[in-house]
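Some notes on the structure that comes next.
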Amino acid sequence: MFEKIISKNTGDAGRGAPPSPHAHAESHSQADSSPVVAISPGKRNILGSDVEIQGEVRFQGDLIVDGRIEGRIISEGSLTIGEKAKIKAEITCGSVIVQGKVDGNITATDRVEICALAEVSGDIKAEALSMEAGAVFMGSSAIGTPRAAPQAVQKAPAVAEPELIADLQAGSEKAPAA
């Protein structure tokens, strides 16, 4: 198995300049049957369209994926799934923006955005969900956190109901016909 580690140098030399659109990649041989891809912290990490990962991806900060991932994606950061991306994974992130295809459940602590050309097949659980016209979403959603339990409506005692009905009937008999 291979473990692909994508990192971005965030040293002092890069401050103030926009981040490079290409991340640096290193490959390592690993005997573990469930590879974990660790993405280093930084402003933005990018997995290009030529990247295919099977296993678990963990990252900090922001990750933009244009390739293929099969397995799990876990982070407290922000995940952007590009237009060319094809994801078959369970996703647990801070926020998720979907522009490509996702087959799997998405759990976000903040929000999920499904863009116009995106396709999502799976359940979504998030604090907020936005979906543009033209997007495809097949699954169920649980959005937001329930507020305090609604208070039960207090009903008048059952004894009062027959009296109320009698009063209403008597009132309708006294009403003049129109």
* To do: Assess whether D66 counts as being at pLDDT 95 or above, touching a strand residue (DSSP E or B) at 6+ places or on another chain (Cβ under 7 Å) and surrounded by fewer than 19 Cβ atoms within 10 Å (Cβ to Cβ).
  => no
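From I114, I143, I87, I74, grab the single residue that is buried (at least 20 other Cβ atoms within 10 Å of the Cβ) and either acidic (D, E) or out of contact with any Phe, Trp or Tyr (no Cβ under 7 Å at 6 or more places or on another chain) (or both).
Result: I87 is the single residue among I114, I143, I87, I74 that is buried (at least 20 other Cβ atoms within 10 Å of the Cβ) and either acidic (D, E) or out of contact with any Phe, Trp or Tyr (no Cβ under 7 Å at 6 or more places or on another chain) (or both).
What do you reckon, is H22 assigned to a strand (DSSP E or B) and either at pLDDT below 95 or surrounded by fewer than 14 Cβ atoms within 10 Å (Cβ to Cβ) (or both)? Talk me through it step by step, then tell me what you get.
Working: assigned to a strand (DSSP E or B): no; either at pLDDT below 95 or surrounded by fewer than 14 Cβ atoms within 10 Å (Cβ to Cβ) (or both): yes.
Answer is no for this residue.
Within the range 123-142, can you find the residues that are outside any loop (DSSP other than H, G, I, E, B) and under 18 Å from S78 (Cβ atoms)? Before you say what the answer is, go through the steps one by one.
Within the range 123-142, the subset outside any loop (DSSP other than H, G, I, E, B) is 124-126, 128-131, 136-138, 141-142.
Those that are outside any loop (DSSP other than H, G, I, E, B) and under 18 Å from S78 (Cβ atoms): I124, K125, A126, A128, L129, S130, M131.
Considering every residue within the range 105-114, establish whether at least one is touching a residue at least 12 places away in the same chain (Cβ under 8 Å) and over 24 Å from T145 (Cβ atoms).
Initially, the range 105-114 is screened for residues touching a residue at least 12 places away in the same chain (Cβ under 8 Å), giving 105-114.
Cutting the leftovers down to over 24 Å from T145 (Cβ atoms) gives us none.
Within the range 105-114, not a single residue is touching a residue at least 12 places away in the same chain (Cβ under 8 Å) and over 24 Å from T145 (Cβ atoms).
The values are calculated or read from the model by the stated rules, or taken from the named source; none is laboratory data. Everything numeric here is computed off the predicted structure, so don't read it as measured data. Don't worry about glycine lacking a Cβ; one is built from the backbone with ideal geometry, like all the others, and counts go over all protein chains shown.
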